[in-house]
Amino acid sequence: MTTLNSNATPAPAARISDVPSAEGRFGRFGGSYIPETLVAACAQLEEVYQSIQRDERFWDELRSLQTHYTGRPTSLYLAERLTANAKARASHGHGATILLKREDLAHTGAHKINNTLGQALLTKKMGKRRIIAETGAGQHGVASATAAAHFGLECDVYMGAEDVRRQKLNVTRMKMLGANVIEVDSGSRTLKDATNEAMRDWMDSVEHTHYIIGSVVGPHPFPMIVRDFQSIIGQEAKAQCLRHIGKLPEAIVACVGGGSNAAGIFYSFINDEHVRLIGVEAGGTSSEPGKHAAPLTFGEPGILHGSLSYVLQDNDGQTSLVHSCSAGLDYPGVGPEHAYWKDAGRVRYTSVTDDQALDAFLHLARAEGIIPALETAHAVAEGIRLAIEMREDEHVVINCSGRGDKDVEEAARLLNARQSR
Ligand SMILES: *Cc1c(COP(=O)(O)O)cnc(C)c1O
């Protein structure tokens, strides 16, 4: 295992946005804890990524895809009935206006496409012909399969058997797009196990294969690259707020699995200290170990999938089992930049339970005609809770990370089970 500067005290970043360091450190978090076989691949990726920073053709091609293929910019939508409901429950002078950043309207139905198109372009730059990916809810798998189809790349997607069951629609979509879905039967048969298998594949295939990690996790330079490709969300949201409400919002709320949609919308606002940023983890069924997936709320620093961050682990340092009704949040780790933002006090992290998320899922569907992903429903629940406490002249933006078509069957099953309880 390679350990980069694990004992060195990193110099503090001048601004909280000026990370990672050259070693891939976000404060003390991040870094690169990987087997020898992957060191060269990560170094090559970093080199290519540095080289495209001033490559106008790369960014022109990406921007053109974002506009004509993904459908960006996604809208910033004023949720009038959601707002009215929040105001009705608020005390006098309270009840903020709720705006939704509509990543659910991006092609394939979630923010994941922002990252996979960028990384597929990098794959082409590196002259590789195959991509692999891990997926939980299947959205990253679908977005990877989509990018692969667009660029004519081979694509294998690793997915836990439990998630294959929960997210059938996305499995069918991936196959339809020409990708191969590899079912993972080890461990808890969810996202962590799929990630392990994808990393194993990459060790044997780095020469012709790029591993598109689906969130701001993994060894350096992945957390930085994924954040940068997702930061289009916050750049647009900032410009849209200035245009539509003439100011920045007072608060922004996003759900946190690995943390890519949250990092994507937060990053442009990190230095705007009067904008409150709130990350929402999966509270599952209770705060007991194994019953939730909230490493920033209940975890300890540890190493998972190549970087140092908050991880849910038992007393022996073994990664804990996790639970969430939402397959995309069902992960015991979180991106290192979130760990850094948490310890710096810049972002507040909280959690929302399965039951609260289900309520918000139905509420958004019926108040606005928008069926959100179950992941997104966690952010919606916290956003509504916050709006009720905020002043009536204030604004809260909720990142609507994805649409819920993939979840309607699972949500119906959970709602039925709740009724008969
Ligand atoms: C994958 C996914 C998430 C969780 O991943 P992050 O990296 O934390 O954004 C959240 N919402 C949707 C719709 C997803 O597909």
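Numbers below:
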item	result
Selection count, region 43-86, where residues are over 24 Å from I398 (Cα atoms) and open to solvent by less than 10 Å² (accessible area, probe 1.4 Å)	5
Single residue of A282, A239 found to be open to solvent by 10 Å² or more (accessible area, probe 1.4 Å), at negative phi and among the aliphatic types (A, V, I, L, M)	A239
Index of the failed condition, G234 passing every other in (1) closer than 23 Å to I113 by Cβ; (2) touching a residue at least 40 places away in the same chain (Cβ under 8 Å); (3) part of a helix (DSSP H, G or I)	(2)
Residue in region 359-371 that is free of Cβ contacts under 8 Å to residues at least 40 places away in the same chain and open to solvent by less than 20 Å² (accessible area, probe 1.4 Å) present	yes
Region 77-115, subset assigned to a loop (DSSP other than H, G, I, E, B) and more than 16 Å from the ligand (Cβ to nearest atom), residue farthest from the chain's Cα centre (by Cα)	H92
So G317, is it under 29 Å from E273 (Cβ atoms) and of a type in the set (G, A, S)	no
Residue list for region 148-186, restricted to those being among the small types (G, A, S) and in a helix (DSSP H, G or I)	A148, A149, A161
Output for region 24-37, where each listed residue is touching a Ser or Thr at 6+ places or on another chain (Cβ under 9 Å) and part of a helix (DSSP H, G or I)	E36
Residue match in region 257-269 (condition: assigned to a strand (DSSP E or B), more than 15 Å from the ligand (Cβ to nearest atom), modelled with pLDDT of 95 or more and surrounded by 15 or more Cβ atoms within 10 Å (Cβ to Cβ))	no
Selection count, region 237-256, where residues are in a loop (DSSP other than H, G, I, E, B) and near the ligand (Cβ under 8 Å from one of its atoms)	1
Yes/no for Q139 being at pLDDT 95 or above, within 30 Å of S268 (Cβ to Cβ) and within 16 Å of the chain's Cα centre (by Cα)	yes
In region 386-413, the residues that are open to solvent by 30 Å² or more (accessible area, probe 1.4 Å) and either within 18 Å of C325 (Cβ to Cβ) or modelled with pLDDT under 95 (or both)	R403, D405, V408, E409, A412, R413
Hits in region 197-220 - residues which are over 23 Å from A110 (Cβ atoms) and not in a helix (DSSP H, G or I)	V206, E207, H208, T209, P219, H220
Within region 303-324, tally of residues that are in a strand (DSSP E or B), away from the ligand (no atom under 16 Å from the Cβ) and in contact with a Leu (Cβ under 7 Å, 6 or more places away or on another chain)	1
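Residues are listed down the side, and each one gets a yes or a no for (1) without any contact (Cβ under 8 Å) to a residue 40 or more places away in the chain; (2) away from the ligand (no atom under 11 Å from the Cβ); (3) assigned to a helix (DSSP H, G or I):
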| site | (1), (2), (3) |
| --- | --- |
| S326 | no, no, no |
| A339 | no, yes, yes |
| K342 | no, yes, yes |
| T376 | no, no, yes |
| A381 | no, yes, yes |
| I398 | no, yes, no |
| A417 | yes, yes, yes |
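The values are calculated or read from the model by the stated rules, or taken from the named source; none is laboratory data. From a predicted model like this one, the values you see are computed outputs, not experimental measurements. Neighbour counts are summed over all protein chains in view; Cβ atoms, including those assigned to glycine, are modelled from backbone coordinates with ideal geometry. Just the protein is used for accessible areas: all its heavy atoms, side chains included, with ligands, DNA and RNA removed. Shrake-Rupley method; radii C 1.70, N 1.55, O 1.52, S 1.80 Å.
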